[in-house]
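Below you'll find the structure, written out as structure tokens, and then a few comments.
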Amino acid sequence: MLADANALPDGARVQPHPDDESRRLIPVIDDFDTKYPSVNMDVAPPSSRTYREHLTDLLPPSVMSSIEWPTRHEFIGDLILIKLDDHQRPYGSEIGNALLLQHSRIRAVYEDHGVSGQFRVRELELLAVREHSTPGTRTCIVESGQRLWTDPAKVYYSARLSHEREGTLACAQKLRALLGRSIDVCDPYAGVGPSLKPLISENGLVRKLFGGDLNPSAIELLEENIEHPSATLECVDALTLSTRNDMLASWDLLLVNIPHDSLSHLPQLLPLLRGTGVIRGWAVVDESDFQQSELLLQEILGMDVELEIRRSYSANSNLCRFEAWIQSE
Ligand SMILES: C[S@@+](CC[C@H](N)C(=O)[O-])C[C@H]1O[C@@H](n2cnc3c(N)ncnc32)[C@H](O)[C@@H]1O
């Protein structure tokens, strides 16, 4: 009856009387004339609606019931990226608008057609943009309290590896303690700088640094993200660095984050490291190749190093990490 009279506030729930557990309070809208005693109280705002609930306002019931709607999407800064199948794609703009209705801080929604090429950038297509906002894929993310500019349509960035970057910071701190001084850090596959940023944000941790990437767009963003008095940021092929005298045997910590090629690139990167130093790298390894890859790693580094599985990468491969502490006698 209350529903018939449009007297039920959106999303409000029946709840116990604050002073008498045996009684229940039924929510009604302000000014509703009821013959029952009423109690005025503050209630939590109604729980926000899901994007699917918003979608029901934008599409007819026949369409809503005929399709399985996407259940996952990714947030990057003020963007949402979503993968759509052929059935969902015709309703991409409605899906985008429903997501904008659900997430008030999101500026635009893009369809994610996946990563491609050597730079592992995403092909993105605009689905919806908030009124009075400009579309565009450049966005600012916050990772472990640090702000970084990125652009998923032009450069590689993955928030999924943020935990690994916390480990890199801990590794750098340990190395500084071992050497008894600030350290020199080389990140030849730096992207927009998510590994370097936490290191330079800690006072006195980094003495000098090199951040390189073959993708010119990554270097543009890296220059915006990384400010350090002794930083060299360069668009360069990592495989050529060991031919340069200014790079040879110059670094205490070497990061190798090119997971599909880390093991094959490693021999050409090793000469960059000083006699005492750490190599920390990531590699995508097929389950069937795991032992062979670990042996190869040990052969390249000339020491006993473990490949640690960090997370699953595909149905039969994993993202693995290695960390080799090399100490000259
Ligand atoms: C997996 S991403 C890692 C980026 C960054 N370290 C991060 O964690 O977000 C690999 C990066 O290597 C760059 N790259 C690919 N081949 C390269 C090469 N031969 N030399 C230098 N950079 C390269 C790509 O453009 C990409 O930014």
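No value in this document is a laboratory result; all are computed from the given coordinates. The shown structure was predicted, so the numbers you read here are calculated from the model rather than taken from an experiment. Reconstructed Cβ throughout: ideal geometry from the backbone, glycine too, with neighbour counts over all protein chains shown.
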Original post:
Which value in deg cm²/dmol, rounded to the nearest 500, describes the helix-derived mean residue ellipticity at 222 nm for the chain, given -39,500 (n - 2.57) per DSSP H run of n ≥ 4 and division by the residue count?
Top reply: -7000 deg cm²/dmol
Original post:
What is the fewest-to-most order of S195, S201 by other Cβ atoms lying within 10 Å of their Cβ?
Top reply: S201, S195
**OP:** Could you work out how far helix 92-102 tilts from the main Cα principal axis of the chain, as a 0 to 90 degree angle to the nearest 10?
**Re:** 80 degrees
Original post:
Which of T56, T243, T34 moves most in a GNM of the chain, Cα contacts under 10 Å?
Top reply: T34
Subject >> Rel. contact order, % - alpha carbon contacts under 8 angstrom, at least six apart, segment 159-326 >> reply: 17 percent
Original post:
Considering only the other residues whose Cβ falls under 14 Å of the Cβ of L266, what net charge follows from Lys and Arg at +1 and Asp and Glu at -1?
Top reply: -2
Subject >> Built amide H within the under 5 Å cut-off of V256, gap 5+ >> reply: R280, G281, W282
Original post:
Suppose every K and R has +1 on its Cβ and every D and E has -1 on its Cβ; what is the size of the dipole of segment 159-326 about the Cα centre, in Debye to the nearest 20?
Top reply: 540 debye
**OP:** Step through the residues of segment 191-201 one at a time and calculate ³J(HN,Hα) from phi using the Karplus curve (6.51 cos²θ - 1.76 cosθ + 1.60, θ = phi - 60°), rounding each to whole Hz and writing x for Gly and Pro.
**Re:** x, 8, x, x, 7, 6, 3, x, 6, 6, 7
Original post:
Roughly what % antiparallel, to the nearest 5, for the DSSP beta bridges in segment 71-137?
Top reply: 70 percent
**OP:** Enumerate the calculated ³J(HN,Hα) couplings along segment 157-162 in order (Karplus 6.51 cos²θ - 1.76 cosθ + 1.60, θ = phi - 60°), each rounded to whole Hz, writing x wherever the residue is Gly or Pro.
**Re:** 7, 9, 5, 5, 9, 4
**OP:** Filter the GluC sites (Glu not before Pro) in segment 126-171 to those in DSSP coil with at most 13 other Cβ atoms within 10 Å of their Cβ, and list the result.
**Re:** E131
Original post:
Counting other C-beta atoms within 10 Å, which of D187, D78, D19 has the fewest, and how do the rest follow?
Top reply: D19, D78, D187
Original post:
Share of antiparallel DSSP beta bridges in the chain, in percent to the nearest 5?
Top reply: 60 percent
**OP:** May I ask for the distance between the Cα centers of segment 117-192 and segment 230-274, given as a whole number of Å?
**Re:** 19 Å
**OP:** Excluding V142 itself, calculate the net charge of residues whose Cβ lies under 14 Å from the Cβ of V142, where each Lys or Arg counts +1 and each Asp or Glu counts -1.
**Re:** +2
**OP:** Using Cα pairs closer than 8 Å and at least 6 residues apart in sequence, work out the relative contact order for segment 19-175, in percent.
**Re:** 16 percent
Original post:
Label T71 and S230 with points 7 Å out from Cα along Cα→Cβ: what is the distance between them in nm?
Top reply: 5.2 nm
Original post:
Taking amide H positions as placed 1.01 Å from N in the peptide plane, with prolines and chain starts having none, which residues 5 or more places from V121, or on another chain, fall under 5 Å of its amide H?
Top reply: S116
Original post:
Which ³J(HN,Hα) values in Hz, rounded to whole numbers, follow from the phi angles of segment 264-275 under the Karplus curve 6.51 cos²θ - 1.76 cosθ + 1.60, where θ = phi - 60° and Gly and Pro get x?
Top reply: 6, 7, 3, x, 7, 9, 3, x, 6, 7, 5, x
**OP:** Return the long-range amide H neighbours of A128 (sequence gap of 5 or more, or a different chain), with a cut-off of under 5 Å between placed amide H atoms.
**Re:** V109
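Cβ under 13 Å from Y36's Cβ, Y36 left aside: what net charge do those residues give with Lys, Arg +1 and Asp, Glu -1?
+2
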**OP:** Treat the count of other C-beta atoms within 10 Å as a stand-in for reagent exposure and order K83, K35 from fewest to most.
**Re:** K35, K83
